[in-house]
Amino acid sequence: MADTQFDVIVVGGGPGGYVAAIRAAQLGMKAAVVEREHMGGICLNWGCIPTKALLRSAEVYHLMQHAKDFGLKADNISFDIDAVVKRSRGVAGQLNAGVKGLMKKNKIAVFDGHGKLNGTSGNLRKLAVTKDNKPVADLSAKHIILATGARPRELPGLEADGELVWNYKHAMVPKAFPKSLLVIGSGAIGIEFASFFQTLGSKVTVVELMDRIVPVEDVDISNFARKALEKQGMVIKTKATVKALKKGAGQVTATIEQDGKSEQITVDRVISAVGIVGNVENLGLEGTKIKVEKTHVVIDEYCRTGEPGVYAIGDLCGAPWLAHKASHEGVICVEAIAGQHPHPLKTSLIPGCTYCHPQIASVGLTEQAAKDKGHQVKVGKFPFIGNGKAIALGDTGGMVKTVFDAKTGELLGAHMVGPEVTELIQGYTIAKTLETTEAELMHTVFPHPTLSEMMHEAVLDAYGRVVHM
């Protein structure tokens with residue numbers, strides 16, 4: 001009979017949950033994971049990884065269409081949407097198997113089912129595991145970590161049906177390629193799907209409630225990205241709302257309100273990407289001291305809830321809704337349980353990446369946020385057109401922006417838009433973690449020819465020392 005008592009049980013096998021379980025095992029704890037669907041969670045199976053596979057296919061397709069620009073010949077370029085999706089699903093499947101292998105390697109017990117808090121027994125927390133409403137196991141542990149993630153938010157009248165109106169999951173496995181598409185919301189998820197379908201030839205319209213797309217980003221980056229996407233043919237409507245959707249035979253007519261005026265557009269499909277809500281239902285939170293605010297569990301700096309022995313990590317606990325934030329919280333949580341003294345998570349050190357074309361990446365404060373916090377700032381900017389590697393790549397649409405405290409030289413934030421910036425941003429993230437000032441960054445030698453040289457130039461520009469501009 002399988003063991004039912006553990007040191008740590010993690011409810012949810014996503015990037016927060018399975019990493020927490022591995023760290024617990026590394027620290028000598030007896031660990032278990034309860035997962036009701038797929039090991040690796042939404043990120044690995046239906047989010048971060050397979051979407052990047054889709055976007056990679058779109059990127060290659062785009063390059064093939066411009067083969068002539070590189071002295072190459074490629075005629076009759078086309079794509080097979082079923083094959084594109086199949087590759088994406090294959091990538092997800094490979095990584096799913098990899099996570100299962102990691103569980104076995106670290107001797108972590110895995111229970112297939114839904115976990116629900118079920119009171120206490122002495123100093124142990126109890127957890128009931130069910131599958132299809134049938135009991136699977138009654139587990140207990142000194143510590144239970146909730147890592148149940150989140151799901152798409154649905155607005156009244158705009159609910160996804162999987163046919164004409166999609167959420168992100170539906171959009172990843174389209175039964176047919178839409179010739180026209182409406183995307184509601186321009187956050188990372190919305191703008192990535194908009195970019196994917198636009199690149200493959202769909203006529204895409206994006207509707208955003210805020211005054212600019214990717215509104216969490218620096219205003220200069222948002223504006224640059226908008227111009228680039230509109231140049232590709234995308235229609236973007238900001239300060240606008242979708243008031244209604246009327247479904248027809250294979251198409252949807254959307255009523256859009258902007259600047260007090262109303263218009264209707266008809267498209268093949270609609271993607272709703274208007275945020276997420278935490279999966280707090282049916283976890284047995286009732287009767288506990290666990291506090292929920294706006295569908296998210298409230299935690300302290302070490303991921304402890306108000307209920308002794310119960311913790312929460314990842315999307316379940318709110319923004320930023322990022323896989324790497326969840327993983328890091330999992331490590332912090334487990335190390336604190338083990339009696340170590342991990343550094344509490346600083347959201348200012350969490351980089352954000354959006355994989356549209358052009359890519360977007362940032363860490364720390366935007367220029368406006370820095371000013372709002374009372375900082376006097378020095379700002380540096382450098383365009384991709386001034387970089388030799390970017391010119392050689394044939395992709396010069398982008399910029400790098402840095403924000404420094406004028407008094408101390410502290411790097412407050414860094415913001416990028418352009419090719420491969422999602423790989424570059426970690427350099428600034430390390431710099432912020434090490435509390436680097438402009439002096440260290442100026443004295444750092446950046447290799448040539450690389451895109452990373454622009455990171456150096458953007459620092460130099462903030463202090464009137466830019467070289468190649």
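The values are calculated or read from the model by the stated rules, or taken from the named source; none is laboratory data. Remember, predicted model here, so these are calculated numbers, not experimental data. Neighbour counts are summed over all protein chains in view; Cβ atoms, including those assigned to glycine, are modelled from backbone coordinates with ideal geometry.
Of note:
- Check on residue 263, part of a helix (DSSP H, G or I), at pLDDT 95 or above and more than 21 Å from the chain's Cα centre (by Cα): no
- Test: residue in segment 174-194 that is without any contact (Cβ under 8 Å) to a residue 40 or more places away in the chain and not aliphatic (A, V, I, L, M): yes
- Restricted to segment 275-295, and to residues there that are under 27 Å from residue 208 (Cβ atoms) and of a type in the set (S, T, N, Q), the residue that is surrounded by the fewest Cβ atoms within 10 Å (Cβ to Cβ) is 295.
- Listed conditions (1) closer than 18 Å to residue 461 by Cα; (2) among the β-branched types (Val, Ile, Thr); (3) under 18 Å from the mean Cα position of the chain (by Cα) are all met by residue 422, apart from (1).
- Some residue of segment 231-249 being without any contact (Cβ under 8 Å) to a residue 12 or more places away in the chain, surrounded by 14 or more Cβ atoms within 10 Å (Cβ to Cβ) and within 28 Å of residue 58 (Cα to Cα): no
- Restricted to segment 339-371, and to residues there that are over 13 Å from the mean Cα position of the chain (by Cα) and of a type in the set (Val, Ile, Thr), the residue that is farthest from residue 426 (Cα to Cα) is 366.
- Residues in segment 67-112 that are under 16 Å from residue 13 (Cα atoms), in contact (Cβ under 8 Å) with a residue 60 or more places away in the chain and part of a helix (DSSP H, G or I): 4 in all.
- Count of residues meeting criterion [hydroxyl-bearing (Ser, Thr, Tyr), part of a loop (DSSP other than H, G, I, E, B) and in contact with a helix residue (DSSP H, G or I) (Cβ under 6 Å, 6 or more places away or on another chain)] in segment 427-451: 1
- Among the candidates 34, 99, 19, 8, the residue that is surrounded by 17 or more Cβ atoms within 10 Å (Cβ to Cβ), of a type in the set (Val, Ile, Thr) and at pLDDT below 95 is uniquely 99.
- The criterion of at least 1 residues that are among the polar types (S, T, N, Q) and either within 19 Å of the chain's Cα centre (by Cα) or within 21 Å of residue 244 (Cα to Cα) (or both) is met by the following strands (runs of 3 or more DSSP E) wholly inside segment 140-224: 180-184, 203-208.
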